[in-house]
Each structure stands twice: as C-alpha cells, then as structure tokens.
1. Which whole-number value in Å³ per residue fits the convex hull of the alpha carbons of region 218-463?
2. Just want to confirm a number: the relative contact order over the chain, from Cα pairs under 8 angstrom separated by 6+ residues, in percent.
3. What distance in nm separates the simple spin-label points at residue 462 and residue 376, each placed 7 Å from Cα in the Cβ direction?
4. Given the -39500 (n - 2.57) contribution per DSSP H run of 4+ residues, what per-residue ellipticity at 222 nm results for the chain, rounded to the nearest 500 deg cm²/dmol?
5. For residue 443, list the aspartates and glutamates whose Cα falls under 14 Å from its own Cα; do not include residues on the same chain fewer than 8 positions away.
6. Charges on Cβ only, +1 for Lys and Arg, -1 for Asp and Glu, centred on the Cα centroid of region 194-256; of 213, 203, 249, which one is farthest towards the dipole's positive end?
7. With the contact rule set at Cα under 8 Å and sequence spacing of 6 or more, what percent relative contact order holds for region 187-275?
8. With unit charges on the beta carbon (Lys/Arg positive, Asp/Glu negative), name the residue among 108, 66, 448 whose Cα is farthest towards the positive pole of the charge dipole of the chain.
Amino acid sequence: MSKLQLWFMHKFMSKKIIIIYFLLNNLLFSQGYKYPFTDGIPVENFIARREQIENTLSRNSALLLLSSDFYANSGFEVSNNPSPNLYYLTGLPQQRAALLLIPNGFNLGGEIIKEALFLKQQTSDDIIWNGYSMGAKDSEKILKIQKNLNIETLDSILNLVLRDKDTLFLDKLSVTKHFSNNGNHIECDIEIISKLKANHPKLIIKDNIPALTQMRYVKDNDEIRLIQKAVDISIEGHKALIKKAKPGMTEYQLQAEMEYQFMVLGAEKPAYSSIVGTGRNSCFLHYQNNRDSIKDGDMILFDCGAKYHGYCADLTRTIPANGKFSIEQKIIYNIVLEAMDSAFAQCKPGNKFSEIHNKAKEVITEKLLEQSIITNKEDVDNYFPHGTSHFFGLNVHEGHEELLKEGNVLTIEPGIYIPYGSSCDERWWNIGIRIEDNVLITKTGYINLSEKLPRKAEEIEEMMK
C-alpha cells in the first residue's frame, strides 16, 4: 500500500472503517489461489523440459520467455491466454509473467539462481476485479520453480544477469502484443529489444529458440492425452451440430450448438474462431461472419475445435443442409474423401511432410480433370488453394519438420471450393467441401484421433435422419 493511500485513509476514514478494510483485505488474500488444470501435465514434466532446454544453452547465454498482456482501450484486460512457450516450460496458466533461464546461474543474495519466474504481485483490487491469479508463493509451491520474483524486479535482474553473457535467446512476440513489467507502462517487444541492446551493446539477441521448437514438435504421453481429450470434446460438438442442422436455421445457431457442447464437456474455450459457412460461404476458407441463414440445398462447412488445458483440436466436416447430398455434392465430397485417404497413407515416421499434400493434390487434380471442372493441371490451385496438413498442439498452427517422427500431431484436411462464377459448369458452383481429421504419428504409422466422428457421405446422411 502506498504512502498516499495510508495518508488518505488516516485523514478521511474512521478507525472502524480502516479496521474493516484491513480485515476484508486479509480475508481476500487468505482464500488463496487454486490451480485450474487438476488433470493436466505433472509438474515433473515441466521441470524435465526446463532442464533439457538449459542443457542446450551455452554457459555464456540466457533465455527469456515473456508472456504478453492484452488490453482493450478501456484499460480492462480482455484476454488471459497463457504464452504457449512459457506454459510449455512451466505450466503457468496466465499472462503477465516472465521466465529467465541461466545455465551457469547468477548470484542473488548469496544464492545461485539458474531459473527464475517473474510474476505480478497481486493487490486486493486485482482480486476484486479479476479473481485470484498465481503469485510468487503459489508458483514456488505448485510449479516448483527455483526462484519466484516480483515482475517489477525484472529489469534490474536482467541487467545483473546479462553483464557477463554474450547471447540472449528471447521468445519472439508479435509486435501487436504487449508485455508489461509494471502496472503503468506497456512495452512492445521492439522496445524491449532496443532497451536490452542499449544496456548491453555487445549482447547478441536471438529471437528464436530452435531446441524449444524441436521439443514441441514431438508430443509426450501427457500432451497426447490432453489433445485426445480436446479432440473427443470437439467430436461431440460436431455430432451435436450435424444432428441439429436443417434449413431455416442460422450459421450462428449451429455455432452455438457446437460451442455449448465444448463448454459443457469441460473445454476452456474454442481453440480458434469457429467457422460455420453455408452455401457460398462454404467456399471461403476462413469465413467467420457466421450470420447467414441456411437454405435447402446448401452445403454447410464447419471448422471448429475445442481447447482443453491449453491444447487444441482442429476438426472440419461438411454436410448437406437438408440431410441428403445432391449428385454434384456427393461427387465432390467423395473426391475430397479419396484425397484424404491418400494423405493418410503418407502418415508414418520417416516420410516427408510435404508428400501428404502432394498425394492429396494428385488425387484432386486427376478427379477434377475427369469431371471437366478444370482443363489443365495448373488450374487445380483455383479450387484447392491451401495445404493439406499442419502440426498443432498448444497452438492450433505450429511449425513442422520435413521428416515425420513418432509423436508428431497433425491435421489431414484436403478441400475443394468452387465459388459462384467459377470457370466451370454452374452446376458445381457454391460447393465448398473440406474434411479434417487429427492424426498422431506412431512407431509404425498413425492413429486417427478423431476416427469416431463420421466422415463418409452415407454416415453423414444416416446421422442427419
């Protein structure tokens, strides 16, 4: 509490009110913080990950991960998504924090510190407005990090640590995101880098951490368990939408059916903005208005996934609004399905990631030529303009390795989109179809994590009866 606050209380408040204030203040802090992910990743895993990263760093380097803050113009915090890299190494499920790893340690009051977590010290006002967040004592007990410090000491500690370092690995932040180390000033990553360079002109700052990226490509058993849970929740949401969909409804009503199931089954939130596009909107890859009405004869494409304990699912299905595929719709649907099966066949360790897309594209090219939808191979990009796969985990889109490994988790999602006015027979217009499943690479091949969600045309029609 500041001297000004104490003076104000002494000057204008009675002793009884002051006593009540302090009692309420103490009561707030006595309730304590409750960690939200009770069936999440064991703390020992996070400790092992930090040790693994520290072993890849040179003795004259340090690593700094920043969890960015998001603020609306009103000053209210509008997002509390944890930073994926920081969460991956600590289990910290909140914003406004920093992790510093120092392989050879630094002396802080006679103690050699190799890892320090910096958190904002929570005030009673913070609790009243936002509820409890993890503090230094909580993180020491729950996350087992060696040293837990106030975020306001970060600048001074950094200057102390970096005096004898030649390299700092800094988690790259988007310039649209902000990180704050006190309650008043918000700095973007460019400002942070500029300040570090000014204070340490010989310091080499690297804005990527290759070892951490490589670690996140391969999921351990606990990560796979949480991803499977996110997928299972997403499957139930998709099934609810399929059973509910009919002409006369709106895209946003179907979105509500989907996301209601997500939340009922324990998801924190959707993993990304849900896409529900009907008719011509099914041809827009990342359509998000979700406001149109569903008409008889439309195709409905929905790309939606749940997030569970920080981990994402990413599924897509496309269905006929009236429960029955037209001849043209079924032809395109089965082409996408065949392309999907061709992509699945490439999912095994040692195969090239790029071949997943190449094989799917070969099928779609051949079949669109057969239907005279295209007249030369180069035109396929007009109707299949995106890749067939991407890795995912804590982020819905993550980088990838060229050679697949056991433990990679990725999507298989070919699609064909024929918008109104395309240079083909108009009977194909406004048919947009994407089918997306989630795959785990195993020792000998793959497991389709979302196999319980029907994808054959006949299965879809049966479910919609």
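No value in this document is a laboratory result; all are computed from the given coordinates. From a predicted model like this one, the values you see are computed outputs, not experimental measurements. Ideal geometry is used to build each Cβ from the backbone, glycine not excepted, and the neighbour counts take in all protein chains shown.
1. 107
2. Details: 882 pairs, mean separation 54.7, N = 465.
Computed value for the chain: 12 percent relative contact order.
3. 4.5
4. Details: 14 runs with 170 residues, N = 465.
Calculated at 222 nm, the ellipticity per residue is -11500 deg cm²/dmol.
5. Here the aspartates and glutamates satisfying the reach criterion relative to residue 443 are 220, 406.
6. Farthest along the dipole direction, towards plus: 203.
7. Values: 35 pairs, mean separation 19.3, N = 89.
Averaging sequence separation for qualifying contacts and normalising by length gives 22 percent for region 187-275.
8. Going by the charge dipole, the pick is 108.
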